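Readers should treat all values here as calculations from the given coordinates under stated rules, not as data from a laboratory. Owing to the predicted nature of the structure, the values given are computational and were not obtained by experimental measurement. Don't worry about glycine lacking a Cβ; one is built from the backbone with ideal geometry, like all the others, and counts go over all protein chains shown.
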Amino acid sequence: METLECIRSRRSIRKFKADEIDDETLLSLLESAIQAPSAGNTQEWHFFIIREQASKQKLAEAAMGQGFLVEAPVVIVVAADLEEIGRAYGERGRTLYAIQDTAAAIQNLLLAAWDRGLGACWVGAFSEKAVSDLLALPSNLRRVALIPCGRPAGMPRKPEREGLEGRVHWEHW
């Protein structure tokens, strides 16, 4: 798929077919994710693959009842190592760069999934503590997103996008 077509046609998928996603495909998506830029090339991202129904149910509960997490064959939990980025960039690294870096990796993952005929959704509304407790994550790993992934069971309509007017500011000061 052409890059711009992939960007323009991608949708947040919240309904999934039961088809499993094999490890090779998942690794391909994650390989795309880690091609993202990161501050000072720190690459502080971590990816946790969740397939068990009971674990996905707990993730859905942690995500304020977003039940579509349970329907997805796989949920990828994306985390940032705050210690690692902090060694390089201090507080700014921990509070900003960690989020920027994982966000770039997540966008790559979403586009790679779409390119391969898979759907995914970027879920940011969840209890970090509940996810941390479920996965027994150390305190240095900040939980950034939950990404349910699978074959789409339908295509949502294209959401309205505002134009560039009022959003682009040329250097005129």
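Summed over the range 133-164, residues that are of a type in the set (A, V, I, L, M, F, W, C) and either within 17 Å of the chain's Cα centre (by Cα) or at positive phi (or both) total 8.
Put simply, of S139, S132 the only residue that is over 22 Å from T3 (Cα atoms), assigned to a loop (DSSP other than H, G, I, E, B) and hydroxyl-bearing (S, T, Y) is S139. For P159, the requirement of being touching a Leu at 6+ places or on another chain (Cβ under 9 Å) and outside any helix (DSSP H, G or I) is not met. Just one residue in the set A145, A103, A72 is surrounded by 16 or more Cβ atoms within 10 Å (Cβ to Cβ) and in contact with a Cys (Cβ under 8 Å, 6 or more places away or on another chain); that residue is A72. Taken over the range 24-42, the criterion of being polar (S, T, N, Q) and either more than 17 Å from E83 (Cβ to Cβ) or within 13 Å of the chain's Cα centre (by Cα) (or both) is satisfied by T25, S28, S32, Q35. Of all residues in the range 117-129, none satisfies the criterion of being in a strand (DSSP E or B) and either exposed (fewer than 13 other Cβ atoms within 10 Å of the Cβ) or at positive phi (or both). Residues in the range 35-69 that are of a type outside the set (S, T, N, Q) and out of contact with any strand residue (DSSP E or B) (no Cβ under 7 Å at 6 or more places or on another chain): 13 in all. Residues in the range 2-21 that are exposed (fewer than 11 other Cβ atoms within 10 Å of the Cβ) and out of contact with any strand residue (DSSP E or B) (no Cβ under 9 Å at 6 or more places or on another chain): E2, T3, L4, R8.
For the range 33-61, taking the residues that are assigned to a helix (DSSP H, G or I) and free of Cβ contacts under 8 Å to residues at least 12 places away in the same chain, the one that is farthest from N140 (Cα to Cα) is identified as A54. Going through (1) surrounded by 15 or more Cβ atoms within 10 Å (Cβ to Cβ); (2) in a loop (DSSP other than H, G, I, E, B) one by one, L110 falls short only on (2).
State whether one or more residues within the range 80-97 are more than 19 Å from the chain's Cα centre (by Cα), within 26 Å of S38 (Cβ to Cβ) and of a type in the set (S, T, N, Q). No.
Filtering the range 67-90 to residues that are part of a strand (DSSP E or B) and aromatic (F, W, Y) leaves nothing.
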